[in-house]
Each structure stands twice: as C-alpha cells, then as structure tokens.
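Q: First the structure, then my questions, so here it is.
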Amino acid sequence: MADQFDCALSVPPHPLYFSTNTPPSDLLRRLNPKHTAANLSAICSLIPDHEEELLASVDQPLSVRRCKKTGRDYLLCDYNRDGDSYRSPWSNEFDPPVEDAEMSSERVRKMEVRANEAFDVYRELYERREVEADGDRYYEGGTSSVYFWNLDDGFAGVVLLKKASPAQKGSSGAWDSIHVLEVVERGRSAKYKLTSTVILNLGSSGEGLGELDLSGNMTRQVEADMVVEGDEGHVSNVGKMVEDMELKMRNLLQEVYFGKAKDVVGDLRS
C-alpha cells in the first residue's frame, strides 16, 4: 500500500493550489499532517453531508478519554464511535450513553477484554525498554485500547497505541499507531489481514533553529494464515502480528526516513 511521510515546515499551501473539484481526502493529504484533526473538523463543518465518510476514511491522531465507570484512560477512533458517543473497552459502555447500540457477541467481547489486558502489559513493558535503552530520557504517558466486533465468518478489530513525549521547552513528539485487523476463521486455523498506520509528529523550536516540524503517516499491510488454539490463540496471534509490525515500521522510519532527512540536512550545510 502507498505510504507518505512528509517533513512539513508549517508553511500553509496557497489557497489557489487546490481546485474546487479536489476531493476532501486529497486535500487533507496535502496539508500539514500535524493539524489533521483541526483540518478535518473544519472540512466537516463546511460539508456536513460527507462527515461520516471522512471520519471513517481519514486517519488522525488519537484522542484520550477517561472512563467514568472505571477511571481508566482509553483511546477514541471511528471504530468505537456511535454518533457523538464513544465506547470504553474497560466498561463496555458508551459515553454519552447510547440506546440500542450495536454490541459484539459475548465470545468476541471476552476476547476483547483479554486483548486489552495483554496490550496494556505490552505497553508497560515497551515503555520500560525505552527507559532502559535511553537512560535518563523518560517517556511518560502511553495509552492502549483494543476493540473487536463480529463478522459473518469471523471477527474484526482495531488495536490502538498512543505515546507522547514529556512536554519540554521547545520540543514535542507523539506516536499514534492504528492496527486494523480482519480475521476469517477456518476451523483450527484462521486468515489474518492486518493494516497498520503510524502517525508521527515531532516538533522543535529555538532561536538558532527556528521552527522545525516533522510530521507524517505511513501505512503497511500484511496477511498471514496461522494455527489457532482456542480464542486465546487469536489474542496471541494478533499480539505477535502487531508487535512485529510496530518494530518493522519503527525501524523503517529510523533507517529510511530519518536517514534521508539527515542526508538532506547534511547536503544543505555543505
């Protein structure tokens, strides 16, 4: 699948650059990815008839909300949204409440609960490895959420991970990953299709540097046939696929995109 990762310098495009026939999704891809949420809200207010389509098709940085019943944070996306309400994976309730909301089956809900527990542990271990690897540099925060729903021949879901760096003078950073999966069950095996998107925002400013904004997103897709030992096997298989994809995309960003940016900066200085 195609991916994009742009180094944006916070310079807005000229309004005449776009024609009146430019699709809203194409327009958003040409604007600074750091401001996708604000730009999406503005476009939806101009063309409310396309709001549902845009919210379902445009990846944007994840927002965090606290579950009123359990006091735990969870992530918001189109997959746990019903109108203006969002479902908490911890309480399985919508906020604000929704009447006659479509809910997953008891079996899929149990897998969802187990997956949330597993990815919460994964997130904590990942943060600990970051602290050990980076010494004094401490990464605070971090939120994960998993949502599953029924399909005719299996189930689908999304794994969300958000990581923001501590607020520091002149610098900011956030990593949002959205892993959408589709599982087709075939007896004791299953076919998994995983589509992963990473949204990265990095910013720095200073008197000597000025303002620098490196923001963008990248999408990758993978399919695999795997053996399943009960519903716990689904959770394990999904966890392995997501962890492998996170590692691959992180290495790709570090080696390819950041490496290229470093070469460009070096050429400018020479």
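Q: With labels modelled as points extended 7 Å from the Cα through the Cβ direction, what inter-label distance (nm, one decimal) is found for residue 29 paired with residue 117?
A: Those two pseudo-labels are separated by 4.2 nm.
Q: Once fully extended, how much extra length lies between residue 247 and residue 232, figured as 0.36 nm per residue of separation less the alpha-carbon to alpha-carbon distance?
A: 3.1 nm
Q: Which order do the peptides 170-181, 219-230, 76-87 take when ranked by the mean count of other beta-carbon atoms within 10 Å per residue, highest first?
A: 170-181, 76-87, 219-230
Q: Roughly how many whole Å is it from the C-alpha centroid of the range 204-218 to that of the range 236-270?
A: Between the Cα centres of the range 204-218 and the range 236-270 lies a distance of 18 Å.
Q: Still on this structure, please answer the following. Which of 68/162; 34/260; 69/193; 193/262; 162/248; 68/191 have a Cα-Cα distance over 28 Å?
A: 69/193; 193/262; 68/191
Values quoted throughout were computed directly from the atomic coordinates according to the rules given, and no laboratory measurement underlies them. Bear in mind the structure is a predicted one, so any value in this text is a computation, not a measurement. Note: ideal-geometry Cβ built from the backbone for every residue, glycine included; neighbour counts use all protein chains shown.
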